[in-house]
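The structure under discussion appears below in the form of structure tokens.
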Amino acid sequence: MSILKLQGRTRAQESSGAIERMYITMRHLFNRGFYKPMGVSGETLRESLLTLRPEIYGSIANEKAELEGLLYVIDRLPHGIEECRFINLTSDEGYGNSHFKPIIPPKRRRNCYRIDDEQMNIEITRGRSEIYDILTHLTFLFIESHKIMKRVIIDEDGSVNRDWEKLEYAVTQLDGLTQAQREVALTHTASILGRTFSEINNLYPKFSTPQNPDRFLRVIWSLGKMAIREAVKNEKRIITFSPVLRERLGHHIHGEIWANNIKSVLVEKNLMDRPVHIISANMHSVMNTLYTPVALKTELKKKKALDIYEELSDSGNGALRTKVTKAALDKGMTFIEDRSGTNIDVQIFDTSMLEEFSFKSGFANLKAEEKPVIVVMDYAFGEQAYETMDELLKPYNFNGIEIKMNVRSISIMGKAGILEGGKGDIMIPDAHLFEGTADNYPFENQLKKSDLDGHDINVVDGAMITVLGTSLQNKDILRFFHDSTWNVCGLEMEGAHYQKAIQAAS
């Protein structure tokens, strides 16, 4: 008789199970219409997130407060949400035409509206992925708030310790804080959070805004106050999903409008029959690649090209960016600002207007009707990537005539979650995690690690954690930029690295 040996689950197996439970739970809660994040209905979400422990949430499973994760989340949620007991996820339901002023998070382009002291409305226009993003961020926020509550409550009747009293006094000062008062408040806050004064002091300015330099203190106080109200007065925070959102979700309403706007511009400019290459990337990479050599001739004589591209990646260099943008708009670029609700801006580049720039391009000798058109779309978000691409590739009905786009390639240059490597490294995935499941899907990537060997750049390949529609890179975009005389600006802040990568693959 054989003896069965019981083996524990690996970390990977636990994480896969947690991901699957999270998506199933979020779909159930959405269909239900509401839930209490720190109540019984939110328990599965909390447990799954603590099991998964995503890198962006740092030490979420520890008793100490997670400060870097808190900063990450606060930058992606509307200002003041930590003060709200009721959070309502809505569709685009007309709040833009009301007296409510939209609140746009610094790191997420979404419209949010503070309805009153207790309620925040968040518009969902990017599909289920945006809901998943928000719910996981809110779950993290509420878990952290209860950490604060547990460290300050000393009796069942709601009595709090001296540290909390001192923090509350500092936050409620109407005239602002002196440096001495601020450091006193930070000392008590450090005790509440279980962190050192140095840690708190270093992170404090990252939360500050011109209107509220002491925002960090208020965020911590508001989170703790809401958690104390839940624990002592049973005033639970509630997340609701509007009936209109539940009705519209998955119907591609915003994606269809977005795609038709693009196709109408292509028809208007007689570009629909030309070879179209679609690139999902940020809004400065391709534009800087094509127009910096002309717009910044003087600057390029004084500095190295890579230094110029690094400066262009810095949002503080507005004058340089303006010069490049003006040259682009004058010589072949059309900018389409999004008004559909997808929050995806688009640039259209007509390469037939590049000849006078003396580029040694691979299409300089092509006939006019053969010269490619480059359509650059800002990053789509998760499920939204499928929606927008699905709509963009559909035939366009123009005055009763069905017109098909002459699409030659689709290239996605973006970010991915990876077990190795760091910011600025080139990541070449060969598998991705299909969003909403625990399944791993391999694929063949045309771009290989060997293409970039020997060029003083760190390259990592292998399986990466991605979401549907993102980070599947393709060598087609590199064929556009095959001439090494082109100074290619990279993605995000890492222009020099991508410039070397594209030259190496030429």
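The values are calculated or read from the model by the stated rules, or taken from the named source; none is laboratory data. Nothing here was measured: the structure is a model prediction, and the numbers come from that model. When we count neighbours, we look across all protein chains shown, and the Cβ atoms used for this are built from the backbone with ideal geometry, even at glycine. We work out accessible area using only protein heavy atoms, side chains counted, and drop any ligands, DNA or RNA first. Shrake-Rupley method; radii C 1.70, N 1.55, O 1.52, S 1.80 Å.
Worth a mention:
- Residue list for region 365-389, restricted to those being among the aliphatic types (A, V, I, L, M), buried (at least 17 other Cβ atoms within 10 Å of the Cβ) and in a helix (DSSP H, G or I): A385, M389
- Boolean, A328 is open to solvent by 40 Å² or more (accessible area, probe 1.4 Å), aliphatic (A, V, I, L, M) and in a helix (DSSP H, G or I): no
- Residue list for region 264-284, filter: among the charged types (D, E, K, R) and touching a helix residue (DSSP H, G or I) at 6+ places or on another chain (Cβ under 8 Å): D273, R274
Yes or no, residue by residue, for (1) under 23 Å from C84 (Cα atoms); (2) over 27 Å from the mean Cα position of the chain (by Cα):
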site	(1), (2)
Y169	yes, yes
L174	yes, yes
R182	no, yes
N202	no, no
P210	yes, no
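- Evaluation of V184 against the conditions (1) surrounded by fewer than 18 Cβ atoms within 10 Å (Cβ to Cβ); (2) of a type in the set (A, V, I, L, M, F, W, C); (3) out of contact with any Lys or Arg (no Cβ under 9 Å at 6 or more places or on another chain) shows that the sole unmet condition is (3).
- Test: residue in region 274-293 that is in contact (Cβ under 8 Å) with a residue 40 or more places away in the chain and open to solvent by 50 Å² or more (accessible area, probe 1.4 Å): no
- Criterion: under 27 Å from V152 (Cβ atoms), among the aromatic types (F, W, Y) and either touching a helix residue (DSSP H, G or I) at 6+ places or on another chain (Cβ under 8 Å) or open to solvent by less than 20 Å² (accessible area, probe 1.4 Å) (or both) - qualifying residue of F241, F216: F216
- When G316, G341, G362 are screened for being part of a loop (DSSP other than H, G, I, E, B), within 22 Å of the chain's Cα centre (by Cα) and modelled with pLDDT under 80, only G316 passes.
- Residue in region 212-228 that is more than 13 Å from E82 (Cα to Cα), outside any helix (DSSP H, G or I), of a type outside the set (D, E, K, R) and under 22 Å from the mean Cα position of the chain (by Cα) present: no
- Cβ-Cβ distances below 9 Å connect the following pairs, each with a first residue in region 156-179 that is in a loop (DSSP other than H, G, I, E, B), a second residue that is of a type in the set (S, T, Y), and a separation of six or more residues or different chains: N161/S191.
- Flag if I308 is part of a helix (DSSP H, G or I), touching a Leu at 6+ places or on another chain (Cβ under 7 Å), open to solvent by less than 10 Å² (accessible area, probe 1.4 Å) and over 20 Å from M377 (Cα atoms): yes
- Every pair of residues 6+ apart whose Cβ atoms lie under 6 Å, when the first sits in region 383-409 and is farther than 22 Å from T125 by Cα while the second is aliphatic (A, V, I, L, M): Y396/I403; F398/V267; I403/M272; M405/V276; N406/V276; V407/V276
- Checking region 269-283 against the condition returns no match, with no residue being hydrophobic (A, V, I, L, M, F, W, C), in a helix (DSSP H, G or I) and closer than 19 Å to R408 by Cβ.
- Qualifying positions in region 285-314 - under 30 Å from L392 (Cβ atoms), of a type in the set (A, V, I, L, M, F, W, C) and in contact with a helix residue (DSSP H, G or I) (Cβ under 8 Å, 6 or more places away or on another chain): M287, L290, V294, A295, L312
- A residue that is of a type in the set (K, R), within 25 Å of Y113 (Cα to Cα) and modelled with pLDDT of 85 or more can be found somewhere in region 31-41.
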